[in-house]
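The values are calculated or read from the model by the stated rules, or taken from the named source; none is laboratory data. If you're wondering where the values come from, they're calculated on a predicted model, not measured in any experiment. Heads up, the Cβs are rebuilt from the backbone with ideal geometry, glycines too, and the neighbour counts pull from every protein chain shown. Just the protein is used for accessible areas: all its heavy atoms, side chains included, with ligands, DNA and RNA removed. Shrake-Rupley method; radii C 1.70, N 1.55, O 1.52, S 1.80 Å.
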Amino acid sequence: MHTGTAASPQHWWRDAVIYQVYVRSFLDSTGDGIGDLAGVRAGLPYLKKLGVDGIWLSPFYPSPHHDHGYDVADYCGVDPVFGDLAEFDHLVADAHRLGLKILIDIVPNHCSSEHPWFRAALEDGPRSAARARFHFADGRGAHGELPPNNWRAMFGGPAWSRVTEADGEPGQWYLHLFTPEQPDLNWREPAVGDSFDEVLRFWLDRGVDGFRIDVAAGLFKHPSLPDSPDPEADERARDSVNPLAWNQPEVHQVWRDWRAVCEEYTARDGLDRLLVGEVSVPTPREHAEYVRPDELHQAFFFDLLSAQWDVDAFRKAISEALTDIAGTGSTVTWVLNNHDQVRTVTRYAGESTEVGTARARAAALLMLALPGAAYVYQGEELGLPEVDDLPDEVLTDPIFRRTGSRLRIRDGCRVPLPWSGQASPFGFTAAGSAARPWLPQPEWFAQHATDRALTDTRSFWHLYRDGLALRRSLPQLGEGTLRWLETEPAQVLAFVRGDGLVCAVNFGLGSVPAPAAGAPLLASGDCPPGILPASTAAWWISDPAATPDTPKTPGNPANPANSTDSTNSADSSKGITS
Ligand code: GLC
């Protein structure tokens with residue numbers, strides 16, 4: 001995060017790096033095997049040392065945990081398993097004392113079937129005001145025995161479940177795009193929006209700096225809930241989009257309203273509040289519509305996360321993001337990992353974990369060099385691979401429960417973090433506790449424990465720490481311009497940031513000549529001057545006179561003769577455009 005100058009204060013979120021805390025797997029202060037808010041609080045100095053600008057907390061609200069808190073039973077409370085409101089307040093205060101922002105996860109598309117709204121809807125019966133908060137509908141077929149339409153749930157099975165009415169007879173159906181324990185809210189009913197307005201204010205009044213918005217392209221469904229032309233689409237891929245159930249134009253007004261609430265708080269104290277959306281839509285252009293100046297500040301750009309380790313796929317994702325988002329005035333929000341995806345080390349592994357590790361390190365350096373904001377998922381800074389051999393009986397992901405398949409399960413990226421020592425629980429649970437971590441940690445987690453990472457200057461942790469430190473001090477990084485360099489061979493992705501920071505990544509299998517002279521400022525692996533080894537990324541300052549503390553004057557990018565004339569300027573207010 002660059003802070004700007006007094007004359008031109010920069011909006012902190014535009015190039016912030018936020019660390020995603022998956023609370024139940026971060027640090028357990030009570031010894032019950034589940035991470036909690038006091039654990040997060042204890043870990044704040046660690047995160048400060050890493051150099052991130054803030055944290056996003058996964059849901060900690062009261063919940064029956066059918067989907068680990070993404071089934072919220074009370075939007076204004078803390079589940080006792082994670083602590084209480086007083087603990088939350090302490091966490092906010094400590095974070096702010098350390099200069100860290102706090103974002104919380106808000107889940108407006110659906111609530112828990114245990115939420116009082118849904119209980120009232122069941123009790124009050126068909127056509128009641130309580131049912132209007134949800135999508136209740138009569139079934140098709142002679143006796144209403146068929147669901148109202150053919151939509152499929154994202155986590156397997158039909159998107160509709162039938163309720164038993166007060167008379168004991170099968171009755172109406174309700175819509176749930178995820179599990180039956182997560183009924184979708186009906187945003188066409190004004191009471192829903194009014195309630196969320198109160199929820200936002202409740203947390204803003206407690207001092208949060210913003211919200212990560214779950215399923216932000218959901219909320220509105222096609223008003224007549226027609227059959228999907230391709231009912232299997234949602235079954236095939238998690239982020240495929242049933243165009244009738246997602247991304248309806250009305251959703252944008254919600255984000256305008258929420259942005260106005262944020263601006264209201266900013267007007268009081270001058271501090272920006274942030275809305276970052278989980279926006280899964282088919283094209284970068286549609287994505288860009290969510291970050292227009294009066295809507296969300298940020299939306300995770302998932303195309304980079306879903307790209308294979310392939311130079312063309314990465315170049316395409318980055319180019320499209322920069323081109324489409326630039327027009328909105330926002331910045332791109334890059335992400336490589338989160339609590340729903342196979343971790344990069346494993347995703348890029350190809351033939352071996354060593355290769356995956358080298359590629360994940362390179363991808364991290366690439367992400368930190370891109371213009372805009374970035375999110376780092378806990379354990380990413382430790383180079384954790386996916387735990388892909390958890391036995392069936394310990395899996396908790398509802399996707400496994402509902403599909404019976406291990407294909408898309410998410411437990412493997414949610415295994416509790418290793419902090420210290422040689423054996424599970426690796427310092428994750430409070431000392432002396434007999435409780436086991438809620439998911440078993442493999443023995444090989446020892447290699448990744450934070451105590452080891454902190455002392456090994458070649459660790460992932462140091463790469464992130466050094467990259468983040470340079471991002472803070474170098475004016476070329478964070479927000480600003482990116483200009484592609486044409487490189488030979490084509491397996492290399494290279495660009496210049498601002499007035500002369502070169503970043504290059506070698507996606508190929510052999511070493512290539514480096515696209516910039518001299519020793520790199522930072523590299524993801526061994527990188528002698530003049531050479532860029534396979535699966536390696538590096539940063540160079542093209543003018544050796546420029547150091548982190550002596551910002552350069554514009555001009556003179558590395559290898560200017562090879563640079564393309566395509567400009568992707570996320571913001572032309574800083575640095576040069578070519
Ligand atoms: C989002 C969350 C995911 C959750 C789903 C339903 O995609 O990231 O973890 O299961 O929404 O709330």
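Can you tell me the FRET efficiency between Ser306 and Tyr46 if r is taken as the Cβ-Cβ distance and R0 is 30 Å, rounded to the nearest 0.05? Calculated transfer efficiency: 0.55. Helical content alone sets the calculated 222 nm signal of the chain at -8000 deg cm²/dmol, taking -39,500 (n - 2.57) per DSSP H segment of four or more residues and averaging over every residue.
Note on the chain: Cα-only Rg and Dmax are 24.0, 81 Å.
Pull up the DSSP beta bridges for the chain and report the antiparallel fraction as a percent, rounded to 5.
55
Once you list every other residue whose beta carbon is under 10 Å from the beta carbon of Leu103, what net charge do they have if Lys and Arg are +1 and Asp and Glu are -1? Here the count lands on +1.
Of the solvent-accessible surface of the range 23-86, computed with a 1.4 Å probe and all protein chains present, 60% belongs to carbon and sulfur. Simple rule: put +1 on each Lys or Arg Cβ and -1 on each Asp or Glu Cβ in the range 116-175, find the dipole, and look at Ala159, Ala121, Gly141; the Cα lying farthest toward the positive end is Ala159. Taking the charge dipole of the chain about its Cα centre, with +1 at Lys and Arg Cβ atoms and -1 at Asp and Glu Cβ atoms, the residue from Trp461, Thr487, Leu85 reaching farthest to the positive side is Thr487.
Computed over Cα pairs, the Kirkwood radius of the range 116-175 leads via Stokes-Einstein (1.567 mPa s, 4 °C) to a diffusion coefficient of 110 µm² per second.
Summing +1 for each Lys or Arg and -1 for each Asp or Glu among the other residues whose beta-carbon sits under 10 angstrom from that of Val215 gives -3.
The loop-placed GluC sites (Glu not before Pro) in the range 346-436, going by DSSP, that have at most 11 neighbouring Cβ atoms within 10 Å of their Cβ come out as Glu351. Using the Cβ-Cβ distance between Asp124 and Glu286 with R0 set to 30 Å, the FRET efficiency from 1/(1 + (r/R0)^6) comes to roughly 0.20. Please give the Cα centre distance for the range 404-462 versus the range 35-77, rounded to the nearest Å. About 17 Å separates the Cα centre of the range 404-462 from the one of the range 35-77.
Where both bridge residues fall in the range 54-207, DSSP classifies roughly 70% of the beta bridges as antiparallel.
The Cα atoms of the range 1-129 give a gyration tensor whose axes a ≥ b ≥ c have a/c of 1.5 or more with a/b no greater than b/c, which makes the shape oblate.
Listed values for the range 313-330 are Karplus-derived 3J(HN,Hα) couplings in whole Hz (6.51 cos²θ - 1.76 cosθ + 1.60, θ = phi - 60°), namely 5, 5, 4, 4, 4, 5, 4, 5, 4, 5, 5, 6, 6, 3, x, 8, x, 8, and x replaces Gly and Pro. Computed over protein heavy atoms with a 1.4 Å probe, the carbon and sulfur contribution to the accessible area of the range 116-175 reaches 53%. Protein heavy-atom surface of the range 425-550, 1.4 angstrom probe: 56% of the accessible area is carbon and sulfur, with nucleic acids and ligands not counted. Remark: spin-label model distance Ala434-Ile531 equals 5.7 nm, labels positioned 7 Å along the Cα→Cβ axis. In a fully extended conformation the segment linking Ala93 and Arg268 would gain 61.1 nm over its present Cα-Cα distance, using 0.36 nm per residue. Restriction of the trypsin sites (Lys or Arg not before Pro) in the range 106-158 to DSSP coil positions whose beta-carbon has at most 13 other beta-carbons within 10 angstrom yields Arg127. Output the 0 to 90 degree angle, nearest 10, between the alpha-carbon long axis of helix 190-205 and the longest principal axis computed from the alpha carbons of the chain. Rounded to the nearest ten degrees, it is 50.
The slack between Ala469 and Lys316, meaning 0.36 nm per residue of separation minus the straight C-alpha distance, is 52.3 nm.
Expressed in nm to one decimal, what extension gain is obtained for the pair His462 and Ser420 from 0.36 nm per residue of sequence separation less their Cα-Cα distance?
My answer for the length gained is 13.5 nm.
Cβ-Cβ distance of Glu114 and Asp194, R₀ of 22 Å, FRET efficiency by 1/(1 + (r/R0)^6): the value works out to about 0.55. Just how many pairs of Lys in the chain have C-alpha atoms closer than 26 Å, counting pairs that are eight or more places apart or on different chains? Close lysine pairs found across the chain: 5. Between Asp84 and Arg406, the simple spin-label model (points 7 angstrom out along Cα→Cβ) gives 4.2 nm.
Projecting the Cα positions of Gly39, Leu477, Trp258 onto the charge dipole of the chain (unit charges on Cβ atoms of Lys, Arg, Asp and Glu, taken about the Cα centre) puts Leu477 furthest along the positive direction. Going 7 Å from the Cα of Asp257 in the Cα-to-Cβ direction, what parts of the range 94-122 have a backbone nitrogen less than 17 Å from that spot? In the range 94-122, the label zone of Asp257 (backbone N under 17 Å from the point 7 Å along Cα→Cβ) covers 106-111.
Here the contact order of the chain, divided by its residue count and restricted to Cα pairs under 8 Å and six or more residues apart, works out to 13 percent.
How large is the charge dipole for the chain, taken about the Cα centre, if only the Cβ atoms of Lys, Arg (+1) and Asp, Glu (-1) carry charge, to the nearest 20 debye?
Magnitude of the dipole: close to 1280 debye.
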